[in-house]
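For reference, the structure discussed in these notes is given below.
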Amino acid sequence: MLKKIWAIFLRDLKVGSRDSLTLIIIIMPILLGIGVNLLTPSINDTTVNLALLEGENPAQAEYFADFAKVELFPNEEAIETRVKKRDHIVGILPDGDRYYIMSQGNEPESVIEMAKLVNMYYAEGINLEDATAKLFEFGETVPPLKKMLTNTLIIMISILGGMLITFNIIEEKTDHTISAMNVTTVSKNAYLLGKSLVGMLYPVFSTIVILLITGFRDVNLGQLILMVIVSSFLSLLIGFIQGINNDDVMSAAASVKMLFLPVGAAIAAIELLNQKWQILFYWIPFYWTYKGNDAVLLNSATWPQILLYSGIVLALGLIVYLYLSPKIRKGLA
Amino acid sequence: MIKVEGLYHSYSNDENYAVKNANFEIPKGEIFGFLGPSGAGKSTTQGILTGLLQLQKGNVNVAGYDVKNISQKMFNKIGMSFEQSNVYSKLTAKENLDFYRKLFDGQTREPADLLKLVGLDGKENVRAGEFSKGMKHRLTFARSMINNPELWFLDEPTTGLDPAIASEIKDIIRKENNNGVTVFLTTHNMFIADELCNRVAFIVDGEIKLIDSPKNLKLQYGEQLVDVEFRKNGTVVKETFSTIKEEEKQRLQKVILDYEIQSMHTKEATLEEIFIKVTGRGLV
């Protein structure tokens, strides 16, 4: 049976490699991953960067180096050119006996405030030893925007896995080959498993590629793969049913895209809504997927937590399965 | 090889049956023709025999397997050539056959041999999507032989093929049958049925009206007459003689001896004529 399941998977893979739409789906997450990298700073790029004039005030540069990453430039024009670059760096330049902040305008407020504060501390002669404050961390060890985009991308990939199945089923329907499959020794379950492999392995593979591209290389891969597999289960079911219900890829793709609505709602709920409203979104499997992925990307996830989230996603997926399974089997008969 | 008893099937799950009380048996090695017009119940019966449709009522045994509790292993013994070509258009002819051979347990045939057999040699590496309708049909036909079936279901195997290719397909069917393969042939083409079948069943409105060999049917329903055209005193005369009545047989003999014969035709009935006579219906 395994040999036959594998044969079905390889066939789907071969046909997919000859279909332009499928190739776009396979390449798109990689391009989006690169896009995430371009739009957001690097995962390690969490310190404040300051640009100073070389030799203007060496003591100040040394002082600032305790609080921020300092880059030195020969003149004001060089600092201006550097500040205009993509990442967040602000210049601190002399203006008579005072200093002014040079910024591009799109830097986070916290970066500007930090630059102002460090400059003020130096002017007031405050040293690290003078600090009496205790250190509190908010768990923001990675850029939140990058984490959110990467998490969204991982969920999107699992939905695209379902879309690959949809395309495969539509191809079988167009070629009328389902009836030919039904007169072979391949059982319905083996056929469904064979078809599911593409939709399951593609998200796993693409997620690993996305992690490599976006720089989340130190996360617990086992936890993330578990979350990806359970959330792909739901996408597979939707992929099958949309393949059965549609006769052309464009209308099927449009139908599968509807899944992005609950995904968007879940992400918006977690990122924007107060805790008391969260309960309204518990029914969305992607809500739990997002939470689980988020914890993994933050490197704060525990196995019991991930098992709980993946269990909820699986349970919700099973409810969908119980509802859709007879329709899928009938549709493939 | 096939035994069907009291088979009924309704698509609406009521008394509106697409197949009504079908009973027949096909021994090993026979070519059995299932003939009827569109919508008669041929495909429904074949669908049940091949497990494509759920058995609702009756007993059906195919290749030693009870269709009520169908076993996937049964398909190792069965080959099915569909009326509508159904091959993967994005795979080449060889890739199509290579894929299907992996879906059976026993010894399978070499794709290259099968492609040669159906006249598709040289097209092994051409994608099926680029094939003509006839070529796709031949590929579908070739695929049905991939698992060396003992029981071969053929649904309109020569439809859409040019006469030369159709003749080759008929030769392949005969050859496979000579090797012991049992053939269940579904068609509305009476000529192919007449040429190939040991026995035929006429099905109309879901009911089997008759099962017999083409030869017996012709004897039973054909008129035993001969039409003769001959030249008598410079003019062409046309007369019909019975081949049974002694008096007319002698007259025919005399005509042959005394006059120049222009043409002579027996009035043997065709299967189509017999079908219309028996069922009161045409075949389209």
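The values are calculated or read from the model by the stated rules, or taken from the named source; none is laboratory data. Treat the numbers as computed from the prediction; the structure is a model and nothing was measured. Don't worry about glycine lacking a Cβ; one is built from the backbone with ideal geometry, like all the others, and counts go over all protein chains shown. Calculation scope for accessible area: heavy atoms of the full protein, side chains included, ligands and nucleic acids excluded. Shrake-Rupley method; radii C 1.70, N 1.55, O 1.52, S 1.80 Å.
Of all residues in segment B:265-284, which are out of contact with any Leu (no Cβ under 9 Å at 6 or more places or on another chain) and either at pLDDT 90 or above or among the small types (Gly, Ala, Ser) (or both)?
Scanning segment B:265-284 gives B:Gly280, B:Gly282.
So, in segment B:87-101, of the ones that are open to solvent by 30 Å² or more (accessible area, probe 1.4 Å) and of a type outside the set (Gly, Ala, Ser), which residue ends up farthest from the other protein chains (Cβ to nearest Cβ)?
Checked segment B:87-101; the qualifying residue farthest from the other protein chains (Cβ to nearest Cβ) is B:Lys94.
Please list, ordered by first then second residue, the pairs with beta carbon atoms under 6 Å, 6 or more apart or interchain, first in segment A:186-201 and free of Cβ contacts under 8 Å to residues at least 60 places away in the same chain and away from chain B (no Cβ under 14 Å), second among the small types (Gly, Ala, Ser) and buried (at least 23 other Cβ atoms within 10 Å of the Cβ).
That search, which allows pairs on different chains as well, returns A:Gly199/A:Gly161; A:Gly199/A:Gly162; A:Gly199/A:Gly239; A:Met200/A:Ser232.
Listed here are the residues, each with its yes/no results for (1) open to solvent by less than 40 Å² (accessible area, probe 1.4 Å); (2) within 31 Å of the chain's Cα centre (by Cα).
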site	(1), (2)
A:Ala7	yes, no
A:Asn37	no, yes
A:Val48	yes, yes
A:Glu56	no, no
A:Ala59	no, no
A:Glu62	no, no
A:Ala65	no, no
A:Leu72	no, no
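Quick check on A:Thr207: is it surrounded by 22 or more Cβ atoms within 10 Å (Cβ to Cβ), in contact with a Ser or Thr (Cβ under 9 Å, 6 or more places away or on another chain) and at pLDDT 90 or above?
Against the criterion (surrounded by 22 or more Cβ atoms within 10 Å (Cβ to Cβ), in contact with a Ser or Thr (Cβ under 9 Å, 6 or more places away or on another chain) and at pLDDT 90 or above), A:Thr207 qualifies.
When you look at B:Ser12, is it in a loop (DSSP other than H, G, I, E, B), at pLDDT below 90 and in the same structural domain as B:Asn189 (by TED's automatic domain parsing), yes or no?
When the stated conditions are applied, B:Ser12 passes them.
Test of understanding: among A:Asn151, A:Asn220, A:Asn182, which residue is open to solvent by 10 Å² or more (accessible area, probe 1.4 Å), more than 12 Å from chain B (Cβ to nearest Cβ) and in contact (Cβ under 8 Å) with a residue 12 or more places away in the chain?
After applying the criteria, what remains is A:Asn220.
Which is touching a strand residue (DSSP E or B) at 6+ places or on another chain (Cβ under 6 Å) and not assigned by TED's automatic domain parsing to the domain that holds B:Ile48, of B:Val183, B:Val200, B:Val255?
Sole residue among the options that is touching a strand residue (DSSP E or B) at 6+ places or on another chain (Cβ under 6 Å) and not assigned by TED's automatic domain parsing to the domain that holds B:Ile48: B:Val255.
Which of the following residues is in contact (Cβ under 8 Å) with a residue 12 or more places away in the chain, out of contact with any Ser or Thr (no Cβ under 9 Å at 6 or more places or on another chain) and either away from chain A (no Cβ under 14 Å) or open to solvent by 60 Å² or more (accessible area, probe 1.4 Å) (or both): B:Gly106, B:Gly122, B:Gly58?
B:Gly58 is the lone residue from the list that is in contact (Cβ under 8 Å) with a residue 12 or more places away in the chain, out of contact with any Ser or Thr (no Cβ under 9 Å at 6 or more places or on another chain) and either away from chain A (no Cβ under 14 Å) or open to solvent by 60 Å² or more (accessible area, probe 1.4 Å) (or both).
Would you confirm, using the coordinates I've provided, whether A:Ile126 is closer than 30 Å to A:Met200 by Cα, out of contact with any strand residue (DSSP E or B) (no Cβ under 8 Å at 6 or more places or on another chain) and either of a type outside the set (Lys, Arg) or open to solvent by less than 80 Å² (accessible area, probe 1.4 Å) (or both)?
no
Please go through segment B:215-229 and give me each residue that is at pLDDT 85 or above and under 20 Å from the mean Cα position of the chain (by Cα), ordered by number.
B:Lys215, B:Asn216, B:Leu217
Take the residues of segment B:4-49 that are open to solvent by 10 Å² or more (accessible area, probe 1.4 Å) and hydrophobic (A, V, I, L, M, F, W, C): which is farthest from B:Glu150 (Cα to Cα)?
Ranking the candidates gives B:Ala18 first.
Would you please list the contacts, defined by Cβ atoms under 8 Å and residues six or more apart or on different chains, that run from a residue in segment B:249-275 that is within 19 Å of B:Gln220 (Cα to Cα) and among the aromatic types (Phe, Trp, Tyr) to a residue that is open to solvent by less than 100 Å² (accessible area, probe 1.4 Å) and assigned to a helix (DSSP H, G or I)?
Sorted first by the residue in segment B:249-275, then by its partner, the pairs are B:Phe275/B:Met190.
Taking A:Leu212 and the conditions (1) within 14 Å of chain B (Cβ to nearest Cβ); (2) open to solvent by 20 Å² or more (accessible area, probe 1.4 Å), which numbered condition does it fall short on, given that it satisfies the others?
With respect to (1) within 14 Å of chain B (Cβ to nearest Cβ); (2) open to solvent by 20 Å² or more (accessible area, probe 1.4 Å), A:Leu212 is out only on (1).
Any residue in segment A:8-19 that's within 17 Å of B:Ala93 (Cα to Cα): show its pairings with residues that are among the small types (Gly, Ala, Ser) and crowded, with 22+ Cβ neighbours inside 10 Å at Cβ separation under 6 Å, as long as the two are six or more apart or on different chains.
Pairs found: A:Ile8/A:Gly194.
Residue by residue through segment A:158-179, note down the ones that are under 18 Å from A:Leu13 (Cβ atoms) and either part of a loop (DSSP other than H, G, I, E, B) or facing chain B (nearest Cβ under 9 Å) (or both).
A:Glu171, A:Glu172, A:Asp175, A:Thr177
Limited to segment B:125-148, what total is found for residues that are touching a residue at least 60 places away in the same chain (Cβ under 8 Å) and either part of a helix (DSSP H, G or I) or of a type in the set (D, E, K, R) (or both)?
2
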